[in-house]
1. Of the residues SER97, SER105, which is open to solvent by less than 50 Å² (accessible area, probe 1.4 Å), more than 30 Å from HIS170 (Cα to Cα) and either not acidic (Asp, Glu) or not in a strand (DSSP E or B) (or both)?
2. Looking at SER1, SER7, SER16, which is the one that is open to solvent by less than 50 Å² (accessible area, probe 1.4 Å) and polar (S, T, N, Q)?
3. For region 66-83, indicate whether the set of residues that are part of a loop (DSSP other than H, G, I, E, B), open to solvent by less than 50 Å² (accessible area, probe 1.4 Å) and either modelled with pLDDT of 90 or more or farther than 24 Å from VAL197 by Cβ (or both) is non-empty.
4. So which residues in region 109-119 are touching a Cys at 6+ places or on another chain (Cβ under 9 Å) and open to solvent by 70 Å² or more (accessible area, probe 1.4 Å), if there are any at all?
5. Return only the number of the condition from (1) surrounded by fewer than 12 Cβ atoms within 10 Å (Cβ to Cβ); (2) in a loop (DSSP other than H, G, I, E, B) that LYS158 does not satisfy.
6. Can you tell me which residues in region 168-209 are in contact with a strand residue (DSSP E or B) (Cβ under 9 Å, 6 or more places away or on another chain) and on the phi > 0 side of the Ramachandran plot?
Amino acid sequence: SFTRLQSRWPQNRRPSLALLQEVPVRLFVFDVMAVDDHDVTGMPYWRRRELLEELLGDVASPTVVVPPAFTDVSPAAVLEVAAEHQYEGILCKKLTSTYRPGRSSAWTKVPARMSSEVVIVGFYGSRSRGVGAVLVAAYDSTGDLRLLGRVGSGFASKTRRELYALLSDHRVDAAPIRDAVEDRYIQWVAPAFVAEVAYREYIPGQGLRHASWKGLRPTLEQTVAWDLPHKVQPRP
C-alpha cells in the first residue's frame, strides 16, 4: 500500500513502537550484487537469482522476503493477479542481463492500473486551449455525488478541444457535489456525462492517484455508483 508506506518514510527514521505495530513493512529482495565479498554483478540475472534463493530461501524472517519469480507464465497474467491483490505492479527482468546501476532496458517496472466509470462534474480550461483537466465523481451509497479527484493526462489535443465544446454547453453556477473544492478556475457542469478513467489506486481523502483519461462512455444518461472507497459499479 503506497498510502500506508508513506507514513514510514523518510521522516520516520526512528518510528515509535505503535507505528511499527500499526504499519509493519517488509523488504523484498530480488537481486544480489556480492556474496562473501565476491562481486557477482557480471553474472546473468538467472544465476544471481539462484544465489539469492540459496542465501535467503530458507531464512524465516518477518521482514526480509524473496518475492516469487516466474519464467513459465506471461507477464500479463502475473500483472492481472497483482492487480487483483492490489499490488503496485510487477517487475520484469531480462534473465541474461548482468547487473548495472541505474535504469536500463534490462528491467522494467510495470504498474497495475485499474479503470472505472466516473461522472464528469467540472473542468479546467479555455476555448483556445480546450480542457486542461476534468473533475470526476461517483455516487456513494446514500445517493450523493462524491468528488474522486481530477484527471489531467491521457488527452489528445483534439480531445481537449472537443471536450471543451461539449462541456461548456452544460455549465452550471453551483457545484453538483457536496464536497466541492473552492477554486475560481473550476467550471462546474451538470452531471450528465460518464467517462472511463484509469488509475493506480483510490486514496480516501485524496482521490484517484495517477489517473488518466480513457474516453467518454457511449451513453450519456448512465450514472455510476461507488460505495467508497470501493470500485465503481454501474447504477441504473
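1. Values: SER105 fails: open to solvent by less than 50 Å² (accessible area, probe 1.4 Å).
Being open to solvent by less than 50 Å² (accessible area, probe 1.4 Å), more than 30 Å from HIS170 (Cα to Cα) and either not acidic (Asp, Glu) or not in a strand (DSSP E or B) (or both) holds for just one of SER97, SER105, which is SER97.
2. Values: SER1 fails: open to solvent by less than 50 Å² (accessible area, probe 1.4 Å); SER16 fails: open to solvent by less than 50 Å² (accessible area, probe 1.4 Å).
Checking each option against the conditions leaves just SER7.
3. Step one: list which residues in region 66-83 are part of a loop (DSSP other than H, G, I, E, B), which gives 66-74.
If we keep only those that are open to solvent by less than 50 Å² (accessible area, probe 1.4 Å) as well, we get 66-67.
Those left that are additionally either modelled with pLDDT of 90 or more or farther than 24 Å from VAL197 by Cβ (or both): 66-67.
Checking region 66-83: at least one residue is part of a loop (DSSP other than H, G, I, E, B), open to solvent by less than 50 Å² (accessible area, probe 1.4 Å) and either modelled with pLDDT of 90 or more or farther than 24 Å from VAL197 by Cβ (or both).
4. Start the filter on region 109-119 by keeping residues that are touching a Cys at 6+ places or on another chain (Cβ under 9 Å), which leaves 109-110.
Across region 109-119, the qualifying residue is only LYS109.
5. (2)
6. Once the filter is applied, which keeps residues that are in contact with a strand residue (DSSP E or B) (Cβ under 9 Å, 6 or more places away or on another chain) and on the phi > 0 side of the Ramachandran plot, region 168-209 yields only GLY207.
Every residue, every condition in (1) open to solvent by less than 70 Å² (accessible area, probe 1.4 Å); (2) part of a strand (DSSP E or B); (3) of a type outside the set (Val, Ile, Thr), yes or no:
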residue	(1), (2), (3)
GLY149	yes, yes, yes
GLY154	yes, no, yes
LEU167	yes, no, yes
ALA175	yes, no, yes
TYR185	no, no, yes
ALA198	yes, yes, yes
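The values are calculated or read from the model by the stated rules, or taken from the named source; none is laboratory data. Because the structure is a prediction, the values reported are computed rather than measured. So basically every Cβ, Gly included, is an ideal-geometry build from the backbone, and we count neighbours across all protein chains shown. To get the accessible areas, we keep the full protein, side chains included, count just its heavy atoms, and leave off ligands, DNA and RNA. Shrake-Rupley method; radii C 1.70, N 1.55, O 1.52, S 1.80 Å.
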